[in-house]
Every structure is written in C-alpha cells, then in structure tokens.
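Have a look at the structure below before the remarks.
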Amino acid sequence: MGLGRVENKVAIVTGAQQGIGFAIAKLLVQEGAFVVLTDINAAGGKNAVEKLPKDRVLFLPHDVSKESDWETVFEKTLSWKGRVDILVNNAGISGLTKGFHPQNPEHATLEDYKKIQAVNAEGTFLGCRFAIKTMKKTGGSIVNISSRSANVGVPNLCAYAASKAAIRSMTKSVALWCCSQNYPIRCNSVHPAAIDTPFWDPMTQGEESEKKRKKIAREIPMGHMGEPDDVAFAVLYLASNESKFVTGAELMVDGGILAGSSATPRIIETKET
Ligand code: NAD
C-alpha cells in the first residue's frame with residue numbers, strides 16, 4: 001500500500017507495457033492514481049494491465065509519433081475519468097535495434113535519424129501540446145523522460161542523443177510557456193542512465209553478455225545499473241503536488257555518471273557497429 005501521494009489523480013503514461021514505463025504506471029497506481037497505460041505494443045499492453053488492479057487502469061494502443069493517436073488517447077481518457085492531471089512522456093526508442101543502421105554522425109542515415117526524432121522528440125512535443133490544451137484550466141504535471149544522453153555527446157548514438165536533448169529543451173519551453181500564460185501546469189524532465197530494462201538488450205545480449213553488463217556497471221560511479229523503480233520514484237515526486245514549486249527542472253537518475261566528467265569518447269558496441 002502506498003501513501004496516496006497522487007490520490008485520485010488521472011495519469012497517462014506512454015510506452016508503459018514494460019521497463020521504466022510499466023514501473024511508473026505501477027507506482028502511480030500504488031500511490032492512488034488512475035492510470036492510462038499506452039504503448040505501440042498492444043499485446044504487451046494487455047498483459048501489463050492484467051498485472052494491475054482492474055478498476056484503476058486502462059490500456060490504449062498508441063503510436064506516440066501519430067497525432068491522431070494522441071487525440072484518441074486524450075478523448076478516451078477524458079471519457080473514462082473526466083480529466084487528466086499527469087502526463088508521462090516515456091515512450092522512446094534507441095535506434096540500436098534490428099533494422100537500424102550504425103548511428104554515428106558520419107554514417108547514420110537520414111531515414112533512421114528521422115524515425116528516432118519522430119518517436120522521441122516529436123512524440124513528446126505532441127504529448128505536451130495535447131496536455132497543455134487539456135490541463136490549462138484544471139492544472140497538471142507533465143514529466144518527460146529524457147536521458148543523460150541529452151546532456152553529453154554520445155558518438156555512436158547521435159540521433160538518439162539529439163532527440164533526448166530536444167526533449168530536455170522542449171521541457172523548459174513548455175514550463176515557461178505555461179508560466180507565461182498563467183496555466184497551472186508544471187513540466188519537468190527526468191534523465192535516466194543505465195537502467196536495467198529490455199532497452200539494453202541490443203547492447204548486452206549475444207556473446208559475453210555477462211562481461212558486457214559488468215563493463216557497463218564498472219563505468220557507473222555507484223558500481224551497478226539502476227532499476228526501473230529508481231526512475232519511477234523520481235517521476236512520482238514530479239507528478240505529485242510535493243513538487244509544486246518545481247518546473248523546467250531536470251532530475252538525473254544515473255548512479256552519479258553525470259556528476260563527473262571524462263573526455264574519452266565511449267563507443268557502445270553492438271553487432272551492427
Ligand atoms: P524499453 O525499450 O524497455 O521500453 C520502451 C517502451 O516504449 C516499449 O514498451 C515500447 O513498445 C514503447 N514504444 C516504442 N515506440 C513507441 C511508439 N512509437 N509509441 C508508443 N510506444 C512506443 O525502454 P525503457 O528502458 O523502459 O525506456 C523508457 C524511456 O526511458 C525511453 O524514453 C528511454 O529512451 C528512456 N531511457 C532509458 C534508459 C535506460 O537505461 N533504460 C536510459 C535513458 C533513457
């Protein structure tokens with residue numbers, strides 16, 4: 001049982017069928033919210049909601065890069081609960097999965113670059129726009145899941161890093177726009193790194209997978225990867241009224257990675273690199 005930190009608030013969490021998104025949805029439910037979980041993977045989404053209390057959750061299929069899907073998600077959430085208090089723009093792709101080309105700035109294809117922006121950056125922009133329209137009278141909190149890759153260069157993830165930097169900047173623009181219009185909406189970004197989810201599979205699977213995971217852990221000041229819950233607790237704070245004077249902020253959840261600096265370019269090895 002939770003403490004009711006988001007009691008009876010209505011939340012939408014994108015990309016929620018697994019990983020960080022599912023952990024966020026689960027924690028918000030535990031803390032008293034009604035949660036709409038959305039994801040492009042409809043089968044996974046249906047399984048995910050079965051693990052949560054039926055009267056508290058709804059799953060909606062959703063491709064965050066499609067404007068018409070966003071319209072449907074907001075319409076259905078409003079007809080389910082009459083308002084939206086929290087939007088968590090979590091859905092994202094790394095571009096390291098099958099079908100994508102190497103993503104360094106010398107060889108990345110424009111097509112891949114655009115696909116990654118469409119989901120990560122444009123998806124977040126659309127979510128913010130629909131949330132502002134819906135919440136501007138009733139108020140609310142938007143939490144955008146960025147990445148530590150927004151704050152530093154990542155040599156062989158240039159499209160992903162640029163998309164996450166766009167989210168970081170978008171967050172601050174949304175925050176200030178809402179202040180300037182006297183909309184009671186806050187907007188903040190969370191910057192995870194090295195959280196143990198299926199996101200890391202392309203980088204850790206295959207030969208010597210254990211060795212690869214240990215190498216990742218060694219590069220984190222805290223010495224181990226994070227868990228989806230570590231991000232969910234940060235989101236919970238920003239979604240709740242506890243953060244009522246916090247807007248346009250960025251919260252690192254990275255085991256200390258960005259606390260230091262290294263001039264060594266780090267190449268993430270994948271089969272396709
Ligand atoms: P994940 O791959 O496990 O989950 C991502 C989810 O997004 C999946 O359920 C997927 O089906 C969904 N998704 C993909 N494209 C979509 C689309 N077009 N529309 C709707 N849903 C879509 O990844 P995760 O680790 O849980 O990552 C969640 C977020 O956190 C992502 O934005 C990711 O970039 C960010 N992040 C993760 C890490 C990490 O270490 N895991 C680090 C930094 C940032």
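Bear in mind that the values in this text are calculations on the coordinates, not laboratory data. None of the values given here were measured: they were computed from a predicted structure. Reconstructed Cβ throughout: ideal geometry from the backbone, glycine too, with neighbour counts over all protein chains shown.
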Open item on the list: Run the simple label-point estimate for residue 181 and residue 80 please: 7 Å along Cα→C-beta, distance reported in nm.
Closed with: 2.4
TODO: Enumerate the aspartates and glutamates that residue 66 could reach by cross-link, defined here as Cα to Cα under 13 Å, with residues fewer than 8 away along the same chain left out.
DONE: 39, 122
Open item on the list: As a quick test, which of the pairs 76/115; 46/115; 115/164 have an alpha carbon distance above 20 angstrom in this structure?
Closed with: 76/115; 46/115
TODO: Report, as a whole number in µm² per second, the diffusion coefficient that Stokes-Einstein gives for the chain at 37 °C and 0.692 mPa s using the Kirkwood radius over alpha carbon pairs.
DONE: 175
Task: Net charge of neighbours whose Cβ lies under 11 Å from the Cβ of residue 14, counting Lys and Arg as +1 and Asp and Glu as -1 - done: -3
Task: Environment charge at residue 226 (Cβ cut-off 14 Å; Lys +1, Arg +1, Asp -1, Glu -1) - done: -4
- [ ] Would you mind checking the tilt of helix 123-135 against the longest principal axis of the Cα atoms of the chain, expressed as 0 to 90 degrees and rounded to 10?
- [x] 10
Task: Environment charge at residue 44 (Cβ cut-off 15 Å; Lys +1, Arg +1, Asp -1, Glu -1) - done: -1
TODO: List the relative contact order of the chain as a percent without decimals, with contacts defined as Cα pairs under 8 Å and 6+ residues apart.
DONE: 19
